[in-house]
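Chemist: Pasting a structure here, questions to come.
Just so it is clear, none of the values below were taken in a lab; they were calculated from the coordinates. Here the structure is a predicted model, which means the values were calculated and not measured. Please note: Cβ atoms are built from the backbone with ideal geometry, for glycine as well, and neighbour counts cover all protein chains shown.
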Amino acid sequence: MKYIQILIVAILVISCKKDKSNEFSLDVKVNGDYNGYLYLNYDEKKDSSLITNGRAFFNGSVSYPISAYYSTNNMSASENSFYLENEKIETEIAISKKKIKGYNMDWIVIKKTSGTNSSVIRKDFEEFKNEYSSNKNWNIKLYNKLQEILKQNPKHRYAGDLLSEMTYDTILSTEQIEQLYNKLNIEFQSPYSVKIIKAKAFPDYIVKINDSIYDFTLPNKEKKLVGTKDFREQILFIDFWASWCKPCIAQFPELTIIKNDFEEKGVTILGVSIDEKEEDWLKAMQKEKPNWENVIDTQGLKGKLANKYGIFSIPYNILVDEKGKVIANDMSLERLRKVLDSITIDRKTIAK
């Protein structure tokens, strides 16, 4: 009987440990004047917790360490992210008001993270960077350190995100980035990070100014397929947007004016939504009523189209000439108007 009791206790202990390892518990200390719900965003999921006495709590489960960030009820942005693992995690954040591109936003900064292997790896790299980044052999030291991290953690999303971050600088050569990229297990990495790394490791993969357009065909709201080849012999302005992108939609009134001013001069606008849910796009179309052709690519920023054009954020745009060559990209609408004025005046002069 005694042995049976011991066996039962052992089974209960093992079961408890198993349950614990399959879930995370997240305790968030919130600093700042914000009150209301805090949202945890990860793996296309969004969980909420009401902030009470300066704290918020979340529970859940992830299949592998994954990047996560916080947001609020208002328009918000997070300066940094952290990694969720099925552990007991504590984070400390600060929320303040900040104006970005003319918009008042809740600005979220993650001050501390503890309780995960990810936080240990990250802290180790930050300490390494602080110690050696001013060293004359920084390139070699950085490359060797990244090799070590990627070799030990090829599936960890932090490995891919870190390499992506390091490509923003000019320290690593194209060859070094390619060699490091080949050490990653791409299956487990963020598609966004992979896209950034590939843009640096394989620069010829991305369509650039003066390149021929990467032609595509996508459905409009009537399910009719519309392709960029349909607009040859016209100057084509391709506007990438989404229903959740307020700066994108804020440009619609000015785009309408530009369309009216240049339509008779051979300029056409094609809107490309990168909404991953068609219903969100259709609702936005119904509400905003853009009066130019619109199509949707439900693969979003992770898809082949965004990869080919090196689109990492929106609004983003591409201007294409009559023969399908890229003239310009990522312009403000003020700059677009000046370019179109110049192009259409030149075309008129040639015609005479």
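Chemist: Please order R335, R157, R232 by the number of other Cβ within 10 Å, starting at the fewest.
Modeler: Fewest-to-most ranking of R335, R157, R232: R335, R232, R157.
Chemist: Out of the DSSP beta bridges found with both residues in the chain, what percent are antiparallel (nearest 5)?
Modeler: 65 percent
Chemist: Give me the lysines in straight-line cross-link reach of K259: C-alpha distance below 21 Å, same-chain residues under 8 apart excluded.
Modeler: Correct list for K259: K221, K229, K246, K287, K289, K323, K325, K338, K348.
Chemist: Sticking with this structure for a sec: Binning every alpha carbon pair distance of the chain at 20 Å from zero, what are the percents per bin?
Modeler: Using 20 Å bins, I get a P(r) of 24, 49, 23, 3, 1, 0 for the chain.
Chemist: Quick one, can you get me the convex hull of the C-alpha atoms of the stretch 118-205 expressed as volume per residue in Å³? Show your work: numbers first, answer last.
Modeler: On the way: hull volume 7.4 nm³, N = 88.
Each residue corresponds to 84 Å³ of Cα convex hull volume.
Chemist: Binning at 10 Å from 0, report for the stretch 18-113 what percent of all alpha-carbon pair distances ends up in each bin.
Modeler: Reading upward from the zero bin: 16, 51, 26, 6, 1.
Chemist: To the nearest 10 degrees, how steep is helix 252-262 against the longest Cα principal axis of the chain, on a 0 to 90 scale?
Modeler: Approximately 20 degrees, to the nearest ten.
Chemist: Taking the Cα centre of each part, how many Å lie between the stretch 26-51 and the stretch 146-189?
Modeler: 30 Å
Chemist: With respect to the cross-link table entries K129/K155; K45/K98; K155/K304; K45/K112; K111/K304, which display a Cα-Cα separation exceeding 31 Å?
Modeler: K111/K304
Chemist: At a 10 Å Cβ-Cβ cut-off, how would you order F58, F237, F82, F125, fewest neighbours first?
Modeler: Exposure proxy ranking, most exposed first: F125, F58, F82, F237.
Chemist: With viscosity set to 0.890 mPa s and temperature to 25 °C, compute the Stokes-Einstein D of the stretch 139-187, Rh being the Kirkwood radius across alpha carbon pairs; µm²/s, no decimals.
Modeler: 232 µm²/s
Chemist: Checking a compactness column here: for the stretch 164-279, what do you get for Rg(Cα) / (2.2 N^0.38 Å), N being the number of residues?
Modeler: With N residues counted in the stretch 164-279, Rg over 2.2 N^0.38 Å equals 1.37.
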